[in-house]
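Here you go, one structure.
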Amino acid sequence: ELKEIVFVIQSQSNSFHSKRAEDLKRDILKQAADLGKELPMVLLIHQMDGHKGAWTILPLMRHFSVTYGRNSSWIFFCEEDTRIQVVKLLETLGRFDASKEWFLGKALYDEESTIIHHYAFAENPTVFKFPDFAAGWALSIPLVNKLAKKLKSEPLKSDFTIDLKHEIALYIWQKGEGPHLTPVPEFCTDDVNSDKADHCATTFSNFLPLCGEPVKKEDVFVAVKTCQKFHADRIPVVKQTWEREAALFEYYSDYADIAIPTIDLGIPNTDRGHCGKTFAILERFLNNSSPRTPWLVIVDDDTLISIFRLRKLLSCYDPNEPVFLGERYGYGLGTGGYSYITGGGGMVFSRTAVQKLLASKCRCYSMDAPDDMVLGMCFSGLGIPITHSPLFHQARPMDYPKGYLSHQIPVSFHKHWNIDPVKVYFTWLAPNTEESLGGKKVGYNREDL
């Protein structure tokens, strides 16, 4: 029965995202009403305020078990852009015996071991499957109850959350004692209008959001963090690739080099975090840039980014809100920690967010503290939620499953290790993959990378 499914939308509190989640909730309830069925429960994760780090899902298991453990059969999770055919979903879940422990989803796997998964299953990473959240995924209630019991006796460690879908699958797997992910072909990430979507219970509607005209080039100020030792090898890559997409940008270094040019902020370079440098950039943006420039992007000198796509994405956000946008990580969320935007993929701030941050007393506890984590801590203390976009990436394309990237139009990647960064940019991020490079047309195949 439909009423035995609890729908959980992995929502966010930012106004753009919460509206998308509310629209999906309405659609699910309308489909249920049209079927003449008793309406199911539809929950939005960002509204479950009592649970710190609710977006990491595991802290919610005890609540799900206590509240829905008696009268429900399934907890079905989805993203705000997942589209659900309720009748097909009922048929699909109906194939599985809900009295047993099931972990269902569209399977992803690593083709090679990767740093973002701590090189898990190094001998053969393809053996471990984890769910593509965009396609939706489901846990049977007996499994939810089991997880809730385990979490009660063994609280989550204070640790990092980097790639939630992989970490949840690892937790459920319990070193081989728990269930593996069971792949379900009806959980899809095909576009809702594609021919392949006919057999699908779920589809995925969104590649790169656009809400009206892209923001103007002059509305985005780009700050590049660099240092003298990287001027010769990293800055030329920026100049060959995405610098031409930006109207307003500056390079900040520990050395003023007029040939680039770089600006010395008077902050010595540090081997670890760059908190001092980042806060100096935030101060400079507020005091030196035009007050009419609503957006600031801070990137590393080895970040590859599409400013062209970022301008489309930013059309969906209100710069009058305090927006702090990028790829979300978490620290110590099981024990009252905080979320943060990981710096390598690029950190995007609305001017309003920068104003609120600098008006507060929150600053670096040391000049070489990790800037992204300190910013997360500060915004958390101010009650300003960070906003996650899966289109920003802290690592290289080869560090992500092909199936995961296949339904994205990415905004950024990070790191130059063992890759040709110019080739990666023109393959994955250029406004048109047949860009002119040195007068020659280049078109790369993603499969080559």
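Please give, to one decimal in nm, the separation of the simple spin-label points placed at L208 and A33, each 7 Å out from Cα toward the Cβ.
For L208 paired with A33, the spin-label model returns 3.7 nm.
I want the antiparallel fraction of DSSP beta bridges within the range 230-374, as a percent rounded to 5. All intermediate terms of the calculation are to be shown ahead of the outcome.
Numbers: 10 of 13 bridges.
Antiparallel bridges: around 75 percent, rounded to the nearest 5.
Expressed as a whole percentage, what fraction of the accessible surface of the chain belongs to carbon and sulfur atoms when a 1.4 Å probe is rolled over the protein heavy atoms?
Details: 9780 of 19440 Å².
Solvent-exposed carbon and sulfur of the chain make up 50 percent of the total.
Share of antiparallel DSSP beta bridges in the chain, in percent to the nearest 5?
Values: 30 of 59 bridges.
Given both bridge residues lie in the chain, the antiparallel proportion sits at roughly 50 percent.
Same structure again: Rank E80, E186, E218 by mean-square fluctuation in a GNM of the chain with C-alpha springs under 10 angstrom and give only the top-ranked residue.
E218
With contacts defined as alpha carbon pairs under 8 Å and 6 or more residues apart, what's the relative contact order of the range 71-230 in percent? Numbers along the way, then the final one.
Working: 231 pairs, mean separation 47.1, N = 160.
Relative contact order for the range 71-230 comes out at 29 percent.
So if I place +1 on the C-beta of Lys and Arg and -1 on the C-beta of Asp and Glu, and nothing else carries charge, what would the dipole magnitude of the range 54-129 be about its Cα centre? I want it in debye, nearest 20.
I would put it at about 480 debye.
What number of lysine-lysine pairs in the range 14-102 show an alpha-carbon separation below 30 angstrom, given a sequence spacing of 8 or more or placement on distinct chains?
14
Further question: Once both axes come from the Cα atoms, what is the angle between helix 275-288 and the longest principal axis of the chain, in degrees from 0 to 90, rounded to 10?
70
State, to one decimal in nm, how far the label point of R26 lies from the label point of R292, with both points 7 Å from Cα in the Cβ direction.
Distance between label points: 3.6 nm.
What's the center-to-center distance, using Cα atoms, between the range 318-364 and the range 88-138 in Å?
30
Between E283 and K239, what is 0.36 nm times their sequence separation minus the Cα-Cα distance? Round to one decimal in nm.
Numbers: separation 44, 0.36 × 44 = 15.84 nm, distance 2.52 nm.
Fully extending the segment from E283 to K239 adds 13.3 nm.
Quick one: grab the alpha carbon gyration tensor of the range 2-204, order the square roots of its eigenvalues as a ≥ b ≥ c, and give me rounded if a/c is under 1.5, else prolate or oblate depending on whether a/b is larger than b/c. List each step's numbers first, then the result.
On the way: a/c = 1.45, a/b = 1.25, b/c = 1.16.
Rounded.
While we're looking at this one, here's another question. Grab the alpha carbons of the range 51-109, take their convex hull, and tell me the volume per residue in Å³. Please report the intermediate quantities before stating the final value.
Working: hull volume 7.8 nm³, N = 59.
Looking at the range 51-109, the number lands at 132 Å³ per residue.
Which Cys in the chain stand alone, with every other cysteine's Cβ at 4.7 Å or more from theirs?
Isolated Cys, the chain: C78, C227.
Now, a different point. So if we plug the beta-carbon distance of Y119 and E177 into 1/(1 + (r/R0)^6) with R0 = 30 Å, what FRET efficiency do we get, rounded to 0.05? Can you show the working numbers first?
Values: r = 22 Å, r/R0 = 0.73.
So the FRET efficiency works out to roughly 0.85.
Using the Cα centre of the range 2-204 as origin and beta-carbon charges of +1 (Lys, Arg) and -1 (Asp, Glu), tell me which of S65, T82, L35 is placed farthest towards the positive end of the dipole.
S65
Any idea what the relative contact order of the chain is, in percent, if you count C-alpha pairs under 8 Å spaced at least 6 apart?
Values: 899 pairs, mean separation 64.8, N = 449.
That works out to 14 percent.
Would you be so kind as to identify which of V144, F121, Y109 lies farthest towards the positive end of the dipole of the range 60-178, taking Lys and Arg as +1 and Asp and Glu as -1 on Cβ and the Cα centre as origin?
V144
For a quick protection proxy, order the peptides 191-202, 19-30 by their average other-Cβ count within 10 Å, most packed first.
Values: 191-202: 14.8, 19-30: 16.4.
Going by the mean number of other Cβ atoms within 10 Å, highest first, we get 19-30, 191-202.
Please find, in a Gaussian network model of the chain (springs between Cα atoms separated by less than 10 Å), the residue of D159, D302, D219 whose mean-square fluctuation is greatest.
Of D159, D302, D219, the Gaussian network model singles out D159 as fluctuating most.
Would you mind calculating the gained length between K88 and D271 on full extension (0.36 nm times residue separation, minus the Cα-Cα distance), in nm to one decimal?
Details: separation 183, 0.36 × 183 = 65.88 nm, distance 5.37 nm.
So the extension gain works out to 60.5 nm.
Compute the projected area of the convex hull of the Cα atoms of the range 217-429, averaged over all viewing directions, and report it in nm² to one decimal place. Write down the numbers at each step before the final one.
Values: hull surface 47.3 nm².
Answer in nm², one decimal: 11.8.
So what does K415 come to for accessible area, using a 1.4 Å probe and Å² rounded to 10?
Its heavy atoms expose roughly 60 Å² to the probe.
About its Cα centre, how strong a charge dipole does the chain have in debye, to the nearest 20, once Lys and Arg get +1 and Asp and Glu get -1 at the Cβ? Show your work: numbers first, answer last.
On the way: 50 positive and 56 negative charges, 183 e Å.
It comes to approximately 880 debye.
With unit charges on the beta carbon (Lys/Arg positive, Asp/Glu negative), name the residue among H416, L286, G337 whose Cα is farthest towards the positive pole of the charge dipole of the range 217-429.
G337
Sort L90, L164 from largest to smallest accessible area, using a 1.4 Å probe on the heavy atoms of the protein chains. Please report the intermediate quantities before stating the final value.
Numbers: L90 45, L164 25 Å².
From most accessible down to least: L90, L164.
Which longest run of the chain has no exposed loop site in it, a site being chymotrypsin sites (Phe, Trp or Tyr not before Pro) in a DSSP loop with at most 16 other beta carbons within 10 Å, and the site itself not part of the run? Write out the running numbers ahead of the final one.
Numbers: sites that count: F96, Y119, F121, F207, Y255, Y365, W417.
By the stated rule (loop sites, at most 16 other Cβ atoms within 10 Å), 256-364.
Evaluate E = 1/(1 + (r/R0)^6) for K217 and T126, where r is the Cβ-Cβ distance and R0 equals 51 Å; express this FRET efficiency to the nearest 0.05.
The formula returns an efficiency of 0.75 here.
OK, next. Antiparallel versus total DSSP beta bridges in the range 2-204: what percent is that, nearest 5? Before the final figure, lay out the partial values.
Numbers: 12 of 25 bridges.
Taking every DSSP beta bridge within the range 2-204, about 50 percent pair in antiparallel fashion.
Could you calculate the contour length gain from D191 to R95, that is, 0.36 nm times the residue separation minus the distance between their Cα atoms, to one decimal place in nm? The partial results should precede the final answer.
Details: separation 96, 0.36 × 96 = 34.56 nm, distance 2.44 nm.
Length gained, D191 through R95: 32.1 nm.
At 222 nm, what value in deg cm²/dmol follows for the chain if DSSP H runs of at least 4 each add -39500 (n - 2.57) and the sum is divided by all its residues, to the nearest 500? Working shown, then result.
On the way: 12 runs with 120 residues, N = 449.
Computed ellipticity for the chain at 222 nm equals -8000 deg cm²/dmol.
The values are calculated or read from the model by the stated rules, or taken from the named source; none is laboratory data. Just so you know, these numbers come straight off a predicted model, no measurement behind them. Heads up, the Cβs are rebuilt from the backbone with ideal geometry, glycines too, and the neighbour counts pull from every protein chain shown. Side chains included, ligands, DNA and RNA excluded: accessible areas come from the protein's heavy atoms. Shrake-Rupley method; radii C 1.70, N 1.55, O 1.52, S 1.80 Å.
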